[in-house]
1. Can you tell me what percent of all Cα-Cα pairs in the stretch 50-128 are more than 17 Å apart?
2. By counting other Cβ atoms within 10 Å of each Cβ, how are Tyr124, Tyr142 ranked from fewest to most?
3. In whole Hz, what ³J(HN,Hα) sequence does the stretch 171-179 give by Karplus (6.51, -1.76, 1.60; θ = phi - 60°), x for Gly and Pro?
4. List every residue whose amide H lies under 5 Å from the amide H of Gln72, counting only residues 5 or more places away in sequence or on a different chain, with H placed 1.01 Å from N in the peptide plane.
5. Between the stretch 57-113 and the stretch 128-205, what is the separation of their alpha carbon centroids in Å?
6. List the trypsin sites (Lys or Arg not before Pro) within the stretch 132-193 that DSSP assigns to loop and that have no more than 13 neighbouring Cβ atoms inside 10 Å.
7. Based on Cα positions only, what radius of gyration and what Dmax would you give for the stretch 103-158, in angstroms?
8. Compute the Kirkwood hydrodynamic radius of the stretch 146-208, taking the inverse of the mean of 1/r over all pairs of distinct Cα atoms, and give it in Å to one decimal.
Amino acid sequence: MSHQTFWKPEKKVKEKKSYSSLGQRKKSKNPIPDWKKDIFAHHQSRPSRADRAEFPLEVISELIEETQGLCQCGCSRKSTQTHHVMPRGRSGRGVKTNAMRVCDACHDRIQTNEEELQGWITTYSLTYGPRFWFDEQDWEEYNRKQAAQERLEAQKQERLESIKPVMDLLTTAAGRSLKTKEIRLLESMDTKQMSVFSVMISDALNNFSKPAPSYGYGERFED
């Protein structure tokens, strides 16, 4: 009898699953969406704190030309370096309104004399404004915080206007101005609670102002 060969299906090689050291299956990393890449690129492009404190070469050149290369302290010596009026350790940026050309001697003196340092800060504040050391990023952050504060104040004012009728009722009932903690209590109520409270106070005042019924001798009245 001749030997017969039977067909066998090919074996499929199974893909090995990768596991972490804790025996957990490793998750495949999803590709980063383009919109996230744009956000990361934006943040990475922003200059560091140290970079923002450096004076650009064009700022230094302009100052040297404007001061004719002399120290701005009035000592008539030749300027050798650009001084941060608001020190970089106090968030002073490398902007022209925070720059001052000085000689080595005057620079060392200002750096070790807080009174003179504050004097120059005051002078620059009067000349360029109270935030003369701000750069563009500082102004963006400052304006954003100011806008948020203004919105908060507007919401608070709107809330006070909405509870004013209730405050007037309580002031009339108490015969005095409301205390700060009492106003805060009213501010903490939501719209529904305030509506219920307002009706309750109004009804209480109306009933209080009505005279109590009087009955004559022998009159009948119903419960």
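FYI, it's all coordinate maths here, none of it is from the lab. Treat the numbers as computed from the prediction; the structure is a model and nothing was measured. Cβ sites come from the backbone with ideal geometry, for glycine too, and all protein chains shown count toward neighbours.
1. I get 42 percent for the Cα pairs in the stretch 50-128 exceeding 17 Å.
2. By the 10 Å Cβ count, ascending: Tyr142, Tyr124.
3. 5, 5, 5, 7, x, 7, 6, 6, 7
4. It is Arg101, Val102, Cys103, by chain and number.
5. 47
6. In loop regions of the stretch 132-193 (DSSP not H, G, I, E or B), the sparsely surrounded trypsin sites (Lys or Arg not before Pro) are Arg176, Lys179.
7. Rg then Dmax for the stretch 103-158, in Å: 17.5, 58.
8. Computed over Cα pairs of the stretch 146-208, the Kirkwood hydrodynamic radius comes out at 12.7 Å.
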